[in-house]
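Q: Handing you this structure, nothing more for now.
The values are calculated or read from the model by the stated rules, or taken from the named source; none is laboratory data. These numbers were taken from a predicted model, which means no experiment stands behind them. Heads up, the Cβs are rebuilt from the backbone with ideal geometry, glycines too, and the neighbour counts pull from every protein chain shown.
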There are 2 protein chains.
Amino acid sequence: MSDPQQDLGITESKEHSPGEWYAELVQKAGLADYAPMGGFIVTRPRGYALWEGIQDHLDGWFKDTGVQNSYFPMFIPESYLEREKEIVEGFDPEVAWVTEAGNDELDERLAVRPTSESIITPFMSQWIRSHRDLPMRLNQWCSVVRWEATDTKPFFRTKEFLWQEGHTAHRDGESAWEETMLRLEQYRRLHEEVLAIPVLEGRKPEHDKFPGAETTTAVQSLMPDGKSLQAATSHYLGDGFAEAFDVTYVDEDENEHVAHTASWGLSWRALGGMVMTHSDDQGLVLPPAIAPEQVVVVPIWQEDTQEEVLDYAAELAAELDEAGLRVELDDRDGRNPGFKFNEWELNGVPLRIEIGPNEVEDEEATLVHRPDGESIVETRDEIAETVEDHLDTVYAKLYAAAEDELEENVREAESRNELLGTIGQHGGYVKTAWCGEEGCETEIKDEIAAEIVMVPLDEDEGPIDDTCAICGDDATETAYFAKSY
Amino acid sequence: MSDPQQDLGITESKEHSPGEWYAELVQKAGLADYAPMGGFIVTRPRGYALWEGIQDHLDGWFKDTGVQNSYFPMFIPESYLEREKEIVEGFDPEVAWVTEAGNDELDERLAVRPTSESIITPFMSQWIRSHRDLPMRLNQWCSVVRWEATDTKPFFRTKEFLWQEGHTAHRDGESAWEETMLRLEQYRRLHEEVLAIPVLEGRKPEHDKFPGAETTTAVQSLMPDGKSLQAATSHYLGDGFAEAFDVTYVDEDENEHVAHTASWGLSWRALGGMVMTHSDDQGLVLPPAIAPEQVVVVPIWQEDTQEEVLDYAAELAAELDEAGLRVELDDRDGRNPGFKFNEWELNGVPLRIEIGPNEVEDEEATLVHRPDGESIVETRDEIAETVEDHLDTVYAKLYAAAEDELEENVREAESRNELLGTIGQHGGYVKTAWCGEEGCETEIKDEIAAEIVMVPLDEDEGPIDDTCAICGDDATETAYFAKSY
């Protein structure tokens, strides 16, 4: 930070080189750095504060709906992982193994958790005896490791990532399914209300479900490069895991029943998606609900106006602080206003308030919106209320832009060629009638690396056409094809 | 939980079998369970809520004093661990190693972090260029792994444990030392104000410092079995780590200087210490500042009084809730009051409010303090204020009892035999003049497994006697001997 003038500019272009732009933005804005081991990142304070913002919102909603936090060991014995065969097949190639500890070889390898079903479910089996113990809703905030050999992209693709994983047990399938939907809804709400990102909700196709799940649901958000991002999934596990790990309970009828379970998780991909969606070539753009600083007050003075301008700005900032807004007063000497504007734009502060001699004289304040630079002069009276209104407007601008983008980028295709052409030309989502066979997806994948990111949640909803756009066989459902992260 | 009558009683005695009592308490009160791998535990919701309470307090104080949270990778390449030779020598025998991942052998072993100096300091070296970047204060809440081969004791001795680790860089030694002391002070404050546990503050002897540290300071608390518990340490690292990892900055004089660093951590041992200190044969006893439920309202009714009693109790509970107190209304049917009393005592709720027909008629409430069963009838008016006063009283009772215990158990000894005899008979701390040689500690360790847990913080404070109580040579300082966790 010793030569900040030089550090402030993002040299890459979001439009022309989105990958390089994102990598540069994440580093210049102090969100993250690359660790010495490929695939790992260091989350710096400005990045971690955003994750804490996500945690605050989501954790509150979880607790309001009966979830209890807990913490399970980061290691899972290999024999535990093997008890649910689909889990072991699904995750085995991605597992990091501890084989030596305390100068000894271990008798049994320990997996660094890729997800915790296989250590949490056996404990649920111990703790649950009666229907009165149900539903049991556990969650943990932790990191998990999946050894995928791809290029590192901070918050999008890393071998270790932060997430929350919820694991719940229920009396019956209906209750477990309601849980699955409740969490999906909370993930949608986080995206929309906090991150200002509209989402599509859907199911994964049969062949792409979470290992062992009956139904995997997810939220999909459209990234500016036309790819789909899946930041959260909610799995209905039926009674498969409960059978494998012996989670049973005695019901009011005094008979033993097998429980039904669900699991659901949101990772720091949501953070990456937010950064990528709203930010621009000047730097970060943050929705007000999650911005560590919501407002920055920048006094602009000459020597003869210094005292009155600084006093006025300080009082205004104090009033906003009192009203519960997250406000910074940037009264640094030795930095000119232009430098300060650039720095706070890089940091993504949603609203800048400029105070110069004119504002002091007219008892006003000049408010500038981060996303588009719109500048509005407002009276000084009831400034906290005024600022809250402007923050709402900033949120509305961000959401509307993302919504327009999404709406423009859901298209339909009736044939294999139209599908390939549409995704190739526009990116985004292409809806098409599909026969349900993985082979048809593979064809498209091989050709342009697009896949079926989801099918509609409602299983009764028919396909948009009678025949599969790819093979021409009878269509059974509608598939949303997209390139995806 | 299906046969709760049976589960409520603690069968072991705190006085006669403290180890077994603690293990039973932790499980019956739902704080933790033993994991399948020796040395690991599962932290259940009631235990994790206590950890969240500790986090809330400490994290707020950290942020108020310039600390920023961040997150570094859980793995550290072996070559990084080796860059500070004392770190590698100090931790090598306790490290768990990832050697295989994604079906391949790794080229370089990755340590599961035992502590993160050797991954955090190299990044500080990258991020710090100018004196304007200092002080840099980073913290992370995470788990670490130390492969110690001892019996598992939840929160006291586990191979994986939760903690926070703070890492800070400063312009000079004075600033790094002030940081070391500030954090030690916050750990003392957490123990005293939140956990209701008085502590001794001291330095570790030279031969028992954190590997690479110039000075290691710590808080010591006395456990009811006479052993000392060290739940938090704060290390002054001088410029050793900064030299090893090249943390330099350009000062106002435009010359390059080596920074000075500090690191400081508090683990879930603080949670274990709190549980062990205050709890009794009826179950948990929790200080009000950290109790997930501070007050439980238990209505006691017959059929003919049910409605009035329940209404009165519900209103009272609502009023407490409104006042910001954490309150539960236990209006469960099908559980008698005696069962409820036992259950809430097991769970450690500091204050119980009993509401029967008499209380309704007289517009009163009967308040019962958890730690000693003292029962006081109070008027219904301004009940929230009354309850807050009683919670303060409960805290004061807990703290006073722990303080008396500590004061009674700091003794002095003038000879080897008196030292051995006093610790053997009473446990607790024994102050003695010491020559500074590790050999004298080893003698005592070999005999009765007591060690020097601390020496006074103030290095100028002389020894309490002229000659070492053990070897008779000239004494240089005062040593506090104790058995320790």
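Q: Whether any residue in segment B:315-330 is in the same structural domain as B:GLY373 (by TED's automatic domain parsing), over 36 Å from the mean Cα position of the chain (by Cα) and over 24 Å from B:GLU382 (Cβ atoms) is what I want to check.
A: No, segment B:315-330 contains no residue that is in the same structural domain as B:GLY373 (by TED's automatic domain parsing), over 36 Å from the mean Cα position of the chain (by Cα) and over 24 Å from B:GLU382 (Cβ atoms).
Q: Please work out if B:ASP280 is surrounded by fewer than 24 Cβ atoms within 10 Å (Cβ to Cβ) and either in contact with a strand residue (DSSP E or B) (Cβ under 7 Å, 6 or more places away or on another chain) or without any contact (Cβ under 8 Å) to a residue 12 or more places away in the chain (or both).
A: no
Q: Would you be able to tell me the number of residues in segment B:149-166 that are farther than 30 Å from B:GLU254 by Cα and part of a strand (DSSP E or B)?
A: Going through segment B:149-166 one residue at a time, the tally reaches 8.
Q: Would you confirm, using the coordinates I've provided, whether B:ALA196 is under 25 Å from B:LEU398 (Cα atoms), assigned to a loop (DSSP other than H, G, I, E, B) and at pLDDT 95 or above?
A: Yes, satisfied.
Q: Look through segment A:450-471, keep the residues that are part of a loop (DSSP other than H, G, I, E, B) and out of contact with any Ser or Thr (no Cβ under 9 Å at 6 or more places or on another chain), and return whichever of them is farthest from A:MET181 (Cα to Cα).
A: Ranking the candidates gives A:CYS471 first.
Q: Further question: Taking the stated definitions as given, is A:ALA318 part of a helix (DSSP H, G or I) and farther than 30 Å from A:GLY424 by Cα?
A: yes
Q: I need the full set of residues from segment A:343-369 which are under 18 Å from A:PRO287 (Cα atoms) and not acidic (Asp, Glu), in order please.
A: A:TRP344, A:LEU346, A:ASN347, A:GLY348, A:VAL349, A:PRO350, A:LEU351, A:ARG352, A:ILE353, A:LEU367, A:VAL368, A:HIS369
Q: Does segment B:214-227 hold any residues that are among the polar types (S, T, N, Q) and closer than 13 Å to B:MET274 by Cα, and which are they?
A: B:GLN220, B:SER221
Q: Still on this structure, I have one more. Does segment A:200-220 hold any residues that are assigned to a strand (DSSP E or B) and either in contact (Cβ under 8 Å) with a residue 60 or more places away in the chain or more than 24 Å from A:GLY428 (Cβ to Cβ) (or both), and which are they?
A: Passing the criteria: A:LEU200, A:GLU201, A:GLY202, A:ARG203, A:THR215, A:THR217, A:ALA218, A:GLN220.
Q: So which residues in segment B:440-458 are surrounded by 14 or more Cβ atoms within 10 Å (Cβ to Cβ), of a type in the set (D, E, K, R) and within 25 Å of the chain's Cα centre (by Cα)?
A: B:LYS445, B:GLU451
Q: Within segment A:364-381, is there a residue that is touching a residue at least 24 places away in the same chain (Cβ under 8 Å), farther than 19 Å from A:SER279 by Cα and not in a helix (DSSP H, G or I)?
A: Yes: segment A:364-381 contains one or more residues that are touching a residue at least 24 places away in the same chain (Cβ under 8 Å), farther than 19 Å from A:SER279 by Cα and not in a helix (DSSP H, G or I).
Q: Provide a single number: the residues in segment B:228-247 that are closer than 26 Å to B:GLY272 by Cβ and of a type in the set (Gly, Ala, Ser).
A: 4
Q: Tell me which residues, restricted to segment A:128-163, are facing chain B (nearest Cβ under 7 Å), of a type outside the set (A, V, I, L, M) and surrounded by fewer than 19 Cβ atoms within 10 Å (Cβ to Cβ).
A: A:ARG129, A:SER130, A:ARG132, A:ASP133
Q: Restricting to segment B:61-119, what's the tally of residues that are at pLDDT below 90 and facing another protein chain (nearest Cβ under 9 Å)?
A: Qualifying residue count, segment B:61-119: 4.
Q: Specify the residue that is surrounded by the fewest Cβ atoms within 10 Å (Cβ to Cβ); the eligible residues are those in segment A:218-249 that are under 13 Å from A:THR180 (Cβ atoms) and among the small types (Gly, Ala, Ser).
A: Looking at the filtered set, the residue picked out is A:GLY238.
Q: Has segment A:53-61 got at least one residue that is free of Cβ contacts under 8 Å to residues at least 12 places away in the same chain and out of contact with any helix residue (DSSP H, G or I) (no Cβ under 8 Å at 6 or more places or on another chain)?
A: Taking every residue of segment A:53-61 in turn, at least one turns out to be free of Cβ contacts under 8 Å to residues at least 12 places away in the same chain and out of contact with any helix residue (DSSP H, G or I) (no Cβ under 8 Å at 6 or more places or on another chain).
Q: Kindly list the number of the only condition in (1) within 14 Å of chain B (Cβ to nearest Cβ); (2) in contact with a Phe, Trp or Tyr (Cβ under 8 Å, 6 or more places away or on another chain); (3) small (Gly, Ala, Ser) that fails for A:ALA232.
A: Failed condition: (1).
Q: Considering each residue of segment B:382-400, count those that are hydrophobic (A, V, I, L, M, F, W, C), within 22 Å of B:GLU201 (Cα to Cα) and in contact (Cβ under 8 Å) with a residue 60 or more places away in the chain, and give that number.
A: The number of residues fulfilling the criteria is 1.
Q: Now a separate question. Please enumerate the residues belonging to segment B:41-51 that are within 23 Å of B:ARG146 (Cβ to Cβ) and facing chain A (nearest Cβ under 7 Å).
A: Across segment B:41-51, the qualifying residues are B:VAL42, B:THR43, B:ARG44, B:TYR48.
Q: Another question, if that's okay. Look at B:GLU185 and say whether it is out of contact with any strand residue (DSSP E or B) (no Cβ under 7 Å at 6 or more places or on another chain), under 25 Å from B:ARG269 (Cβ atoms) and not small (Gly, Ala, Ser).
A: Judged against the criteria, B:GLU185 is a match.
Q: Could I ask something else about it? Could you tell me whether B:GLU78 is in the same structural domain as B:LYS159 (by TED's automatic domain parsing), among the acidic types (Asp, Glu) and in contact (Cβ under 8 Å) with a residue 40 or more places away in the chain?
A: no
Q: Would you please name the residue that is nearest to B:LEU31 (Cα to Cα), looking only at residues in segment A:20-52 that are of a type in the set (Phe, Trp, Tyr), part of a helix (DSSP H, G or I) and in contact (Cβ under 8 Å) with a residue 12 or more places away in the chain?
A: That would be A:TRP51.
Q: Looking at this structure, is B:ALA169 assigned to a strand (DSSP E or B), more than 9 Å from chain A (Cβ to nearest Cβ) and touching a residue at least 40 places away in the same chain (Cβ under 8 Å)?
A: Yes, satisfied.
Q: Follow-up question, since we're still on this one. Does segment B:174-192 include one or more residues that are assigned to a strand (DSSP E or B), buried (at least 20 other Cβ atoms within 10 Å of the Cβ) and more than 14 Å from chain A (Cβ to nearest Cβ)?
A: no
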